Amino acid sequence: MRLKDRVALITGAGRGIGEAIARRFAAEGAIVVATDVMEENIKKLTNELNANGFRSMAIPVNVTNKNEVESMVQKVVSNYGRLDILINNAAINRDALTKKMTEEQWDTVIDINLKGSFLCAKAAAEPMMEQKYGKINNTASIGALGNIGQANYTASKMGVIGLTSTLALELARYNINVNCVSPGGTETTMTAGIPDNVRQKIIEGIPLKRFAKPEEIANLHLFLVSEEASFITGQTIFCDGGSSVGF
Ligand SMILES: NC(=O)c1ccc[n+]([C@@H]2O[C@H](COP(=O)([O-])OP(=O)(O)OC[C@H]3O[C@@H](n4cnc5c(N)ncnc54)[C@H](O)[C@@H]3O)[C@@H](O)[C@H]2O)c1
């Protein structure tokens, strides 16, 4: 087991990629703390994990709320005595062409995707610095490279890549690795609403000619927080079927 007894906090664990990470980490021996605004989903997930002999806890949290984020980390530390892994996975999209994008659409996406990652990393880094051990994975997107109708999402995800570089530099002296997983199109609720003809066009542009399964993104998260990746920090790795290469 690659994460035996590691305490791992996963944001946006209620469904999609976050849920896949929670299941994978639990199977690798981690104590999983599943957080999300969708309280029912994380309770259902952790009840199922615990019933199957894994160790997990659900904490409903909105990642944009500093007080909620800080008390979540305190709860984890008081329950388990440490926090080893943070997966900043929660995010949303609110797509519109820039000329039609509202200030509200801009602010909501930047707040959840970028500020939420900052708040969670800042709070999680406290116990990690004390214990001189930690792994933080952020989540960007192929969309960070630019996508029509996603100025807010693109900016948030490029911001997350920059956040990753600086956190890696600041936290290296405390033996904390900070990396970023950058998925391409993945079969989750986030992409479920894409009309079939648009989806087909997107898939034609992906060298591997398909979307990822959430489990394939979870595999990269697992590698980056495992001891096999102990000398990797500050990196953004695309898991996108080849979409980010070629011209
Ligand atoms: N699905 C894709 O094609 C794709 C592609 C590239 C990047 N990503 C990234 O992967 C990550 C996971 O995406 P997904 O496809 O599983 O999305 P999803 O919409 O299926 O799940 C996101 C989860 O985040 C939660 N969430 C949203 N706002 C929150 C908040 N304020 N506080 C706490 N939780 C909140 C949601 O409730 C949901 O459970 C995101 O960072 C996303 O940007 C996804």
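Just so you know, all these numbers are worked out from the coordinates, no wet-lab data involved. Remember, it's a predicted structure, so these values are computed and weren't measured experimentally. Cβ: placed from backbone, ideal geometry, glycine included. Neighbour counts: every protein chain shown.
Tabulated results
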| item | result |
| --- | --- |
| Value of D in µm² per second that Stokes-Einstein yields for segment 108-190, Kirkwood Rh from Cα pairs, at 4 °C (1.567 mPa s) | 97 µm²/s |
| Cα-based Rg of segment 7-239 normalised by 2.2 N^0.38 Å, two decimals | 0.97 |
| Stretch gain in nm, segment Asn52-Thr189, where the contour uses 0.36 nm per residue and the Cα spacing is subtracted | 46.8 nm |
| Within segment 162-247, trypsin sites (Lys or Arg not before Pro) in DSSP loop having at most 15 other beta-carbon neighbours inside 10 Å | Lys209, Arg210 |
| Translational diffusion of segment 1-125, µm² s⁻¹ [Kirkwood Rh, Cα pairs; Stokes-Einstein; 20 °C; 1.002 mPa s] | 145 µm²/s |
| Distance (nanometres) between label positions extended 7 Å along Cα→Cβ at Phe247 and Lys44 | 4.7 nm |
| Linear extension gain, Arg2 paired with Ile203, 0.36 nm per residue minus alpha-carbon span | 69.1 nm |
| D_trans [Stokes-Einstein, Kirkwood Rh over alpha-carbon pairs] for segment 8-74, 10 °C, 1.306 mPa s, µm² s⁻¹ | 138 µm²/s |
| Candidates Ile203, Ile31, Ile87, ranked by Gaussian network fluctuation over the chain, Cα under 10 Å, top entry | Ile203 |
| Fluctuation leader among Ala51, Ala140, Ala121 - the chain, Gaussian network, Cα springs under 10 angstrom | Ala51 |
| Label point distance in nm, Ala27-Leu169, each placed 7 Å from Cα along Cα→Cβ | 3.9 nm |
| Gaussian network model of the chain, Cα within-10 Å springs - most flexible of Val77, Val33, Val160 | Val77 |
| Cα gyration tensor, segment 75-152 - rounded (a/c under 1.5), prolate or oblate | prolate |
| Within segment 7-239: Cβ-based charge dipole about Cα centre, in debye rounded to nearest 20 (Lys, Arg +1; Asp, Glu -1) | 240 debye |
| Distance (nanometres) between label positions extended 7 Å along Cα→Cβ at Ser226 and Asn79 | 2.6 nm |
| Using a Förster distance of 30 Å, the FRET efficiency for Asn67-Leu97 (Cβ separation, nearest 0.05) | 0.25 |
| Modelled FRET efficiency - R0 25 Å, Asp107 with Asn147, Cβ distances, 0.05 increments | 0.85 |
